[in-house]
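Have a look at the structure below, then the notes.
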Amino acid sequence: MSNQNNFRGEIGRRGLIKAGAALGAASLLYPPKPSWGASESPIKIGMVDSTTGNFAVLGQSTIKGAQFAAAEINKKGGVLGRPLQVLVEDDAGSPGTGVDKASRLLDQSQVDFFTGTTNSAVSLSISQYAAAHGKLFVCSGGHVDKLTGPACNWATFRTCSTTWIMTSGNSGTLVKEFGKKWYFLTTDYAFGHSEQDDYTKQVTALGGTIVGGALVPVGTPDFSSYLIQARAAKPDVLCLLLAGDDQINAMKQITQFGINKDIHIAGALFELEQIAALPQAAHYGSWSFEWYWDQPNVPHVHDFAKRYAATYGGQYPSARSWFGYASIHAIALAAEAAKSTDSVKVAKAMEGLVLPPEVALQASAPVYRPEDHQLMLGMFPGTVKPAGKYPDVIKVDAYIPGATIAQTPEQAGCKMVYPS
Amino acid sequence: MVILFNAFNGLIQGAFYALMAVGLSLILGLNGVINFAHGGFMAMAAYFAYTLIPYVGFWGALLIAPILAGAVGYVVEQLIVRRLYLRDPLYSLLATFGLALIIQDLLRTIWGAQGVPLTIPDFLNQPLSDVYFFITGYRLFVVALAIISTIGLFAILRFTRLGIRIRAGNSDLETIAAVGVNIYLLRSANFVLGIMFAGLAGILAAGQIGLTPTMGDELIMPSFVAIVVGGVGSLLGSLVGGLIIGVASGVTAAVYPAATEVIIYVIMGIMLVARPRGLFGQEGLLE
């Protein structure tokens, strides 16, 4: 046993330091994965998104959409005659890791622009980093209002909706059809808080009341205690504002407890990826979808869905895929218009950029609003088909153009300042 | 009324934590390994079950998948864990931590990052009464299984030769080696037994919540806390520890929902200050 003590002494200092240094060195050796072959001088877009952690599924869909767009662009001759390269790094859903990876992309790969992020907290930190380093950042998937509100900056644009747009996509219908007493189960970080604030404002304005709510830590496996509280409050609408895998866990337990039989389950965000992970019995509820592959009578949409599914082994494009797809196309269009890869010039060109129909893939033509850099994408309020089979799982009730429900730039509270 | 519901619900939840903690506690006791890969094995067994269900049904999978996970556990013990017994516990901690990441990525590569539904039999999937809607057949079944398997484990430890050796090894490994017990074989058997418990808990968890490659991460921390509270090295302690934190977080949910997670760590903190060996732990086991 005495030599064990010697070991202990060694691991305490040298061993641990050596192991740590080796780990650090090993991670430096990992080159970021290029999605396009090597070329003379590609235009590089650094994409920071989740391939592991709680947001891995959503992040991976976004990355697939982005790579799909890059492949399309390169097939048609690239941007400014140069190939487009998407370099992907994993943020693991954490703001600190996200910024680390962004700085690695900038220092080692000299990326021209940034895109990506699913977790709102990561979006906010990358937005600050990008502005501080003079690089354009097109946020594809973080919804928190203040990113294009009080925390806006010249470098940051956003493709997905604000939580305000998302919640106002269905709050009116829900109050009218299902009732005025609301209870929230809200994920406990920036995104959930922002959603709950928005719903609260909208529902109270419509004469409704909030009868209770609980903030749920990210990564909660068991919702039973929260559900006991929620049912005791006897709401008309149980509003789920959860993210990633948490939503799946909650939905599954709600079904098991039979709560969806007497309380209407609703919420803003619900994703194609999440529905696919739920058993048939948990296909229910009213949600505000941000994009859907099945839009009859809208040109280009079905063609896009078919090509995407053919590329990715039968997997259909989700709203997340479209966020990645539209973000890359938007950067390419703006760079072409600016005839430059200089971030300030590209940002100027992106202000007021209207997505063409083959990129917009929806009934209206959304624009990146110049005042706050928010894309005016439309909402698809609807329900989950109880007997639907993937990918045909959503019944869309309406299409609401984003510009009609978004807060005005003044309400959003953004003051745009460019570097002098 | 709501508090009572929550306390009761906490008991159900606690029984589940206990089931997870027992396997962890077994391995910690005899193998002296803080098995960070326990959550990984839980998820692995659940994925095995998911794949097997179409062929052998839920009950068949519940039986076979933990055995398969145990087989993987045996290989892991032979190749990795066994080599670290003579070293400082820090080595096996780092090794199993790495192993946890490897298992998670393997699961993600094979079954995809997207969660998959693990279907449980319909008759278990209903609330038993409208008032006590949170008591579903399935949750009762989980509690029953937790009780049966723990009693079974106690019986093995009390009445079989293997069990007596495991307990003897727990208190003095060198002496039982000196009297001729093959302690390497004993520790392999014990490790496999612990992993099979992990597998069982993993399948039961996946039936209730979603099945994703990261599910083990979310479940592993409460089991560690259960062990620390109950006392390292004591199976009874792990059981009681699991029940205590289950009820505590259940009751907290009725009063201040945002603190349901932090409360279990507060309890652990108080325990570490007031009684570092835990409720039923042996003194100085891991020193």
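The values are calculated or read from the model by the stated rules, or taken from the named source; none is laboratory data. What you see is a predicted model, and the numbers here were worked out from it, not measured in a lab. A quick note on method: Cβ atoms are made from the backbone with ideal geometry, for glycine too, and the neighbour counts reach across all protein chains shown.
Between B:Ala144, B:Ala113, B:Ala65, B:Ala155, the distinction of being in a helix (DSSP H, G or I) and closer than 25 Å to B:Phe36 by Cα belongs to B:Ala65 only. Within segment A:343-362, if we keep just the residues that are under 21 Å from the mean Cα position of the chain (by Cα) and small (Gly, Ala, Ser), the residue that is farthest from A:Tyr418 (Cα to Cα) turns out to be A:Ala360. For B:Val22, the test of being of a type outside the set (D, E, K, R), away from every other protein chain (no Cβ under 11 Å), out of contact with any Asp or Glu (no Cβ under 6 Å at 6 or more places or on another chain) and not in a helix (DSSP H, G or I) is failed.
Name the residue, out of B:Leu99, B:Leu107, that is part of a helix (DSSP H, G or I), farther than 24 Å from B:Ala189 by Cβ, hydrophobic (A, V, I, L, M, F, W, C) and more than 8 Å from chain A (Cβ to nearest Cβ).
B:Leu107
Screening segment A:136-247 for helices (runs of 4 or more DSSP H) wholly inside it with 2 or more residues that are buried (at least 24 other Cβ atoms within 10 Å of the Cβ), away from chain B (no Cβ under 14 Å) and β-branched (Val, Ile, Thr) returns the ranges A:163-168.
Among the residues of segment A:71-88, is any over 18 Å from the mean Cα position of the chain (by Cα), under 30 Å from A:Phe270 (Cβ atoms) and at pLDDT below 90? No, segment A:71-88 contains no residue that is over 18 Å from the mean Cα position of the chain (by Cα), under 30 Å from A:Phe270 (Cβ atoms) and at pLDDT below 90.
Can you confirm whether segment B:244-266 contains a residue that is touching a residue at least 60 places away in the same chain (Cβ under 8 Å), buried (at least 24 other Cβ atoms within 10 Å of the Cβ), under 15 Å from the mean Cα position of the chain (by Cα) and not in a loop (DSSP other than H, G, I, E, B)? Within segment B:244-266 (the criterion being touching a residue at least 60 places away in the same chain (Cβ under 8 Å), buried (at least 24 other Cβ atoms within 10 Å of the Cβ), under 15 Å from the mean Cα position of the chain (by Cα) and not in a loop (DSSP other than H, G, I, E, B)), the answer is yes, since at least one residue qualifies.
If only one of B:Leu219, B:Leu200 is in contact with a helix residue (DSSP H, G or I) (Cβ under 9 Å, 6 or more places away or on another chain) and either of a type in the set (Ser, Thr, Tyr) or more than 11 Å from chain A (Cβ to nearest Cβ) (or both), which one is it?
Values: B:Leu219 fails: either of a type in the set (Ser, Thr, Tyr) or more than 11 Å from chain A (Cβ to nearest Cβ) (or both).
Only one candidate qualifies: B:Leu200.
Count, please, the residues in segment B:147-162 that happen to be in contact (Cβ under 8 Å) with a residue 40 or more places away in the chain and either closer than 17 Å to B:Val240 by Cα or among the acidic types (Asp, Glu) (or both). Walk me through it before giving the result.
Let us first name the residues in segment B:147-162 that are in contact (Cβ under 8 Å) with a residue 40 or more places away in the chain, namely B:147, B:149-150, B:153-154, B:157.
Adding the requirement that they be either closer than 17 Å to B:Val240 by Cα or among the acidic types (Asp, Glu) (or both) leaves B:147, B:149-150, B:153-154.
Number of matching residues: 5.
Would you pick out the residues in segment A:297-313 that are among the hydroxyl-bearing types (Ser, Thr, Tyr) and either more than 14 Å from A:Ala69 (Cβ to Cβ) or touching a Ser or Thr at 6+ places or on another chain (Cβ under 9 Å) (or both)? Before the answer, list the steps.
Our first condition is that a residue be among the hydroxyl-bearing types (Ser, Thr, Tyr); within segment A:297-313, this holds for A:308, A:311-312.
Scanning segment A:297-313 gives A:Tyr308, A:Tyr312.
Of all residue pairs spaced 6 or more apart or on separate chains, those with beta-carbon atoms under 9 Å, a first member in segment B:167-187 that is assigned to a helix (DSSP H, G or I) and a second member that is surrounded by fewer than 11 Cβ atoms within 10 Å (Cβ to Cβ) and charged (D, E, K, R) are B:Arg167/B:Arg158; B:Ile183/B:Glu174. Keeping to segment B:95-115, report how many residues are surrounded by fewer than 18 Cβ atoms within 10 Å (Cβ to Cβ) and under 22 Å from the mean Cα position of the chain (by Cα). Of the residues in that region, 6 qualify.
I'm checking my understanding of the structure. Among residues of segment B:116-141 that are assigned to a helix (DSSP H, G or I) and touching a Gly at 6+ places or on another chain (Cβ under 8 Å), which one is surrounded by the fewest Cβ atoms within 10 Å (Cβ to Cβ)? The residue in question is B:Phe123. Note on segment A:164-217: residues that are more than 21 Å from A:Lys395 (Cα to Cα) and polar (S, T, N, Q) amount to 8.
When you look at B:Ile148, is it touching a Gly at 6+ places or on another chain (Cβ under 9 Å) and either of a type outside the set (A, V, I, L, M, F, W, C) or within 28 Å of B:Gly32 (Cα to Cα) (or both), yes or no? So that I can check it myself, show each step before the final result.
Numbers: touching a Gly at 6+ places or on another chain (Cβ under 9 Å): no; either of a type outside the set (A, V, I, L, M, F, W, C) or within 28 Å of B:Gly32 (Cα to Cα) (or both): yes.
No; evaluated as a whole, the condition is false for this residue.
Looking across segment A:291-342, the residues that are in a helix (DSSP H, G or I) and under 15 Å from the mean Cα position of the chain (by Cα) come down to A:Ala319, A:Arg320, A:Ser321, A:Trp322, A:Phe323, A:Gly324, A:Tyr325, A:Ala326, A:Ser327, A:Ile328. The residue that is nearest to the other protein chains (Cβ to nearest Cβ), among those in segment B:79-93 that are in a helix (DSSP H, G or I) and either over 19 Å from the mean Cα position of the chain (by Cα) or of a type outside the set (A, V, I, L, M) (or both), is B:Leu90.
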